[in-house]
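Remarks on the structure that follows.
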Amino acid sequence: MNQSKIHQSRIPRGVTLIELMVVISLLSVLFTVGITTLAFLMRVEMKGTARIQETLNLQKLSQQFREDAGIAQRAVIIAPDKNRPNVLRLELNSGSSIIYSGNKKRTAILRQKMQANKILARNEFRIPEDSLQFTLEKLNQRLMVSMTIKILPELKHENKTAKQPERFFKIESFINQKHSLQSRISQKK
């Protein structure tokens, strides 16, 4: 009899159906938590990448605008109408001009270099803008041109009651004077 008890204890015991179901349930919960966390992290990373790209586009636009204003001889603001937004024309001494405007979808700022009504170069700065305004003013016998962009708030947040502040980006530069002024970002609540 002792041998049969010893022999029975060495026989491997199988896994019951309930134990198998518990393990499968635990694994599915772990996978669900992992996938949800991964989706959240990917969304956060995409928002961060979009914010970085917007900042880089604002920097590129600011630098290009100041360079263009620095070499321009004259600046003319073309009044907006219902078909065309506010437009700025910077006239260069070579008979060419550079035109800044927003696109119709308000997703980018356009820069076009023109010569005899032909487009030589076209740049798009992907900046979601709510409004775009150009101004000219005289300061100390010099003409200063500025571009003010009201940037659209970020995508809708889950919290519907939170109101995001309006963001304005302003670039100023003197006409025909390189490296004159820097850009400014302001927030209004």
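Quick note: the coordinates plus some simple rules give every number you see, no bench work behind them. All values derive from a computational prediction rather than experimental measurement. Glycine gets a Cβ as well: all are built from the backbone with ideal geometry, and neighbour counts include every protein chain shown.
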| So what are the three principal axis dimensions of the range 20-105 from its Cα atoms, in whole Å, longest to shortest? | 81, 30, 14
| request: Quick one: net charge around Arg122, please, counting Lys, Arg +1 and Asp, Glu -1 for every other residue with C-beta under 12 Å from its C-beta. | output: +2
| message | Could you work out how much longer the chain between Glu67 and Gln141 gets when fully extended? Use 0.36 nm per residue separation minus the Cα distance between them, nm to one decimal. | response | 24.6 nm
| field | Difference of contour (0.36 nm per residue) and Cα-Cα distance, Ser94 to Leu20 | value | 18.5 nm
| task | Using label points projected 7 Å from each Cα along Cα→Cβ, tell me how many nm separate Arg167 and Leu38, to one decimal. | result | 3.0
| field | Lys47/Lys104 FRET efficiency (R0 22 Å; Cβ-Cβ; nearest 0.05) | value | 0.25
| note | Karplus ³J(HN,Hα) for the range 96-103 (6.51 cos²θ - 1.76 cosθ + 1.60, θ = phi - 60°; Hz, whole; x = Gly/Pro) runs 9, 9, 10, 10, 10, 7, x, 7
